[in-house]
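Participant: Structure provided below as structure tokens; questions to follow.
The values are calculated or read from the model by the stated rules, or taken from the named source; none is laboratory data. Everything numeric here is computed off the predicted structure, so don't read it as measured data. Reconstructed Cβ throughout: ideal geometry from the backbone, glycine too, with neighbour counts over all protein chains shown.
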Amino acid sequence: MSLKVKFWGVRGSIACPSQSHIGYGGNTSCVEVNANGHRFVLDAGTGIRGLGREFKRDGIDQIHILMTHTHWDHINGFPFFEPAYDPSASVHIMAGHLREKGGIQTVLAAQMDNPMFPVPLGAMQAKMRFEDFEAGMSFDLYDDVKIKTAALNHPNGSTGYRIECNGNSACYVTDTEHVPGELDKNILTLIEGSDLVIYDCTYTEDEFPSKVGWGHSTWNEGVKLCREAGVKSMAIFHHDPDHDDDFMDKLGKEAKNVWDGTFVAREGMEVVY
């Protein structure tokens, strides 16, 4: 194994703890990556709570969290991330959209400030490190794990990630809005030849016209990008809260009929390369 991806939260906008969403999951965006034994996190939606508990059980205390952006559905699990309260742990949080806007620490602190939340960021006893960069930069997260990034088209900014390890690669491309008839060059460059692309498929083609400007895309656009870039597989991700299990079953079959490389991400699903 070079890369393993586990989905802890696949929903967009707001968590959906209901019977009609159990099959695919109701937690918001959080993905774990295991790259050659190095385990780290993409986004801190409500799914990060369960991941934090597993990290504690497994003794994982050196943790990197790579943030796409800081809209609520991608950060509102962070105050419940158990390792952040452990004095023996180290938590490193990175974001590529806030360098000129106060930085990632400021945003996460504001979320936990009175009267929004009763426990301040300062109560987190882990060794906390906050790092801001510019989307488009590349860096080594570990000696054998390289990260490439790209700016995405989303209100207030968002960052896409490509993780490379031992010849395998996985990309995390959410939240982003496409321009009809144009393939996003930033995304094409980022995902070229990747084993897996996790793509923002919030809307259907019928829904998209009324949602222009909201910052999201469709599975159809994701397929176009992945085919053009020679990608092996695409995870349909960031499910709209109005898309229940029955809806996602139908959507997944429709996408599979168009391109066999697609699959619908489910909470708890693991993919290995």
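Participant: Tally the residues that are of a type in the set (Phe, Trp, Tyr), more than 15 Å from the chain's Cα centre (by Cα) and under 19 Å from TYR85 (Cα atoms), restricting the search to region 20-61.
Facilitator: Within region 20-61, residues that are of a type in the set (Phe, Trp, Tyr), more than 15 Å from the chain's Cα centre (by Cα) and under 19 Å from TYR85 (Cα atoms) number 1.
Participant: Can you pull out every residue in region 95-117 that is assigned to a helix (DSSP H, G or I) and loosely packed, with under 14 Cβ neighbours inside 10 Å?
Facilitator: ALA110
Participant: Give the residue, chosen from ASP206, ASP246, that is assigned to a helix (DSSP H, G or I) and not polar (S, T, N, Q).
Facilitator: ASP246
Participant: Can you name the number of the only condition in (1) free of Cβ contacts under 8 Å to residues at least 40 places away in the same chain; (2) in a loop (DSSP other than H, G, I, E, B) that CYS16 fails?
Facilitator: Of (1) free of Cβ contacts under 8 Å to residues at least 40 places away in the same chain; (2) in a loop (DSSP other than H, G, I, E, B), only one is false for CYS16: (1).
Participant: Please go through region 124-143 and give me each residue that is closer than 20 Å to ASP61 by Cβ and either in contact with a Ser or Thr (Cβ under 7 Å, 6 or more places away or on another chain) or surrounded by 12 or more Cβ atoms within 10 Å (Cβ to Cβ) (or both), ordered by number.
Facilitator: Passing the criteria: MET124, GLN125, ALA126, LYS127, MET128, ARG129, PHE130, GLU131, LEU141, TYR142.
Participant: Another question about this same structure. Condition first: under 22 Å from ARG11 (Cα atoms) and not in a loop (DSSP other than H, G, I, E, B). Now tell me which residues in region 175-190 satisfy that.
Facilitator: Answer for region 175-190, where residues must be under 22 Å from ARG11 (Cα atoms) and not in a loop (DSSP other than H, G, I, E, B): just ILE187.
Participant: Which residue is surrounded by the fewest Cβ atoms within 10 Å (Cβ to Cβ), if the candidates are limited to region 174-217 and must be acidic (Asp, Glu) and either modelled with pLDDT under 95 or under 18 Å from PRO155 (Cβ atoms) (or both)?
Facilitator: Top of the filtered list is GLU207.
Participant: Every residue in region 218-232 that is in contact with a strand residue (DSSP E or B) (Cβ under 6 Å, 6 or more places away or on another chain) and assigned to a helix (DSSP H, G or I), please.
Facilitator: Answer for region 218-232, where residues must be in contact with a strand residue (DSSP E or B) (Cβ under 6 Å, 6 or more places away or on another chain) and assigned to a helix (DSSP H, G or I): TRP219, GLY222, CYS226.
Participant: Evaluate the following for SER169: is it touching a residue at least 60 places away in the same chain (Cβ under 8 Å) and within 17 Å of LEU66 (Cβ to Cβ)?
Facilitator: yes
Participant: Assess whether LEU190 counts as being touching a Cys at 6+ places or on another chain (Cβ under 7 Å) and on the phi < 0 side of the Ramachandran plot.
Facilitator: Judged against the criteria, LEU190 is a match.
Participant: When you scan region 223-232, do you find a residue that is within 24 Å of ALA15 (Cβ to Cβ) and in contact (Cβ under 8 Å) with a residue 12 or more places away in the chain, even just one?
Facilitator: No; the residues of region 223-232 include none that is within 24 Å of ALA15 (Cβ to Cβ) and in contact (Cβ under 8 Å) with a residue 12 or more places away in the chain.
Participant: Next question. Going through region 118-143 one residue at a time, which ones are over 13 Å from PHE78 (Cβ atoms), free of Cβ contacts under 8 Å to residues at least 60 places away in the same chain and outside any loop (DSSP other than H, G, I, E, B)?
Facilitator: Within region 118-143, GLY122, LYS127, ARG129, GLU131, ASP132, SER138, PHE139, ASP140 qualify.
Participant: Does region 156-166 hold any residues that are farther than 19 Å from GLU221 by Cα and either touching a residue at least 24 places away in the same chain (Cβ under 8 Å) or among the aliphatic types (A, V, I, L, M) (or both), and which are they?
Facilitator: Once the filter is applied, which keeps residues that are farther than 19 Å from GLU221 by Cα and either touching a residue at least 24 places away in the same chain (Cβ under 8 Å) or among the aliphatic types (A, V, I, L, M) (or both), region 156-166 yields ASN156, GLY157, ILE163, CYS165, ASN166.
Participant: Also, quick follow-up: Residue by residue through region 41-94, note down the ones that are without any contact (Cβ under 8 Å) to a residue 24 or more places away in the chain and either crowded, with 21+ Cβ neighbours inside 10 Å or in a loop (DSSP other than H, G, I, E, B) (or both).
Facilitator: GLY59, ILE60
Participant: Taking the condition of being outside any strand (DSSP E or B) and over 21 Å from ASP61 (Cα atoms), how many residues in region 144-159 meet it?
Facilitator: Residues flagged as outside any strand (DSSP E or B) and over 21 Å from ASP61 (Cα atoms) within region 144-159 amount to 5.
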